[in-house]
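Just below is one structure, and these are the notes that go with it.
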Amino acid sequence: MVIAISGCQTLYSDSELYQNQKLREQSLSDVNDWLIRGKIAFIAPDEKQSANLYWRRIGENQQLRLTTFLGVNVLSIESKDGMHTITVDGNTYQDQDLDYLIQSVSGIALPVAALSQWLKGLPYSDSDQFQYSDSTQLPSQLSAEVNGKQYQLEYQSYTLVNNLRLTNKLSIDYKDMRIKLAISEWELL
């Protein structure tokens with residue numbers, strides 16, 4: 001008896017994933033409006049939490065929601081015209097510095113502005129140091145510093161979106177915390 005199982009994810013060979021590094025960076029630097037859906041996990045030595053992720057970014061305005069598998073809102077972030085609002089556990093907090101606000105409310109140092117560039121495989125600052133895959137020329141690792149904090153990123157896989165290769169699996173290490181992103185949908189708006 002033979003059982004066949006098929007899935008929706010397309011696997012690409014290294015030659016199919018190859019993109020010229022400079023051309024890719026030029027194309028992606030113009031991409032500021034996007035939507036991603038997927039899952040996010042926060043893993044610490046003594047605790048693990050995961051949530052569904054919805055993140056829509058239009059220029060500098062954004063909406064980010066983390067929900068349970070039942071759709072219950074865990075945390076939401078709304079950024080508009082330089083003011084950021086976080087709602088968690090029925091309480092609302094506001095500040096002009098989103099990274100500070102997230103760390104104050106959640107205790108997690110998550111540099112959202114930097115992450116919006118890193119998701120595209122682009123540097124946030126001149127000091128960001130990428131390593132590229134020899135076979136695909138896509139980012140494989142990144143060492144970065146934001147606000148005096150060191151981050152290590154690993155780009156684990158890519159998907160094709162509007163003829164651009166974007167990560168769909170990424171891990172971020174900061175101190176003893178690991179953040180894993182599994183992106184099931186990328187949409188360039």
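Using θ = phi - 60° and the Karplus relation 6.51 cos²θ - 1.76 cosθ + 1.60, list the HN-Hα couplings for region 159-172 in order, rounded to whole Hz, with x at every Gly or Pro.
My calculation for region 159-172 gives 9, 9, 10, 6, 6, 10, 8, 10, 5, 10, 8, 8, 10, 10 Hz in order.
Given H placed 1.01 Å from N in the peptide plane, which residues other than close sequence neighbours of L75 have an amide H under 5 Å from its amide H?
Those lying under 5 Å, H to H, from L75 are L66.
So how many Å³ per residue does the convex hull of the Cα atoms of region 96-149 work out to?
Spelled out: Cα convex hull of region 96-149, divided by residues, is 84 Å³.
What is the gain in length, in nm to one decimal, between R37 and F69 on full extension, counting 0.36 nm per residue of separation less the C-alpha to C-alpha distance?
10.2 nm
Over region 109-189, consider all pairs of different Cα atoms and compute the Kirkwood hydrodynamic radius from their mean reciprocal separation; express it in Å, one decimal.
Hydrodynamic radius (Kirkwood, Cα only) of region 109-189 equals 13.0 Å.
Once amide H atoms are placed 1.01 Å from N in the peptide plane, what residues at a sequence separation of 5 or more from S133, or on another chain, have their amide H within under 5 Å of its amide H?
Counting only residues 5 or more places away or on other chains, the set is L138, S140.
Could you give the length gained by full extension between Y93 and A182, i.e. 0.36 nm per residue of separation minus their alpha carbon distance, to one decimal place?
Taking Y93 through A182 to full extension adds about 29.3 nm, to one decimal.
Restricting to DSSP H runs of at least four residues, report the calculated mean residue ellipticity at 222 nm for the chain, -39500 (n - 2.57) per run over all residues, nearest 500 deg cm²/dmol.
-4000 deg cm²/dmol
Could you pull out every one of the lysines with an alpha carbon less than 23 Å from that of K149, ignoring same-chain neighbours closer than 8 positions?
Here the lysines satisfying the reach criterion relative to K149 are K48, K120, K169, K175, K180.
Return one whole number: the accessible area per residue of region 43-144 in Å², for a 1.4 Å probe.
Per residue, region 43-144 has an accessible area of 55 Å².
Below 8 Å, C-alpha to C-alpha, sequence gap of six or more: please give me the relative contact order for the chain in percent.
RCO, the chain: 21 percent.
Mind ranking 150-158, 89-97 by how tightly packed they are, going by the mean number of other C-beta atoms within 10 angstrom, highest first?
Ranked from most to least packed, the peptides come out as 150-158, 89-97.
As a test question: what accessible area, to the nearest 10 Å², does S135 have when a 1.4 Å probe is rolled over all protein chains in place?
That residue has around 50 Å² of solvent-accessible surface.
For the pair K22 and A113, how long in nm is the line joining their label points, each one 7 Å along Cα→Cβ?
About 2.9 nm, to one decimal.
The values are calculated or read from the model by the stated rules, or taken from the named source; none is laboratory data. Computed from a predicted structure; not experimentally measured. Virtual Cβ from ideal backbone geometry, glycine too; neighbours counted across all protein chains shown. When the accessible area is computed, the model is the full protein with side chains, heavy atoms only, and any ligands, DNA or RNA have been set aside. Shrake-Rupley method; radii C 1.70, N 1.55, O 1.52, S 1.80 Å.
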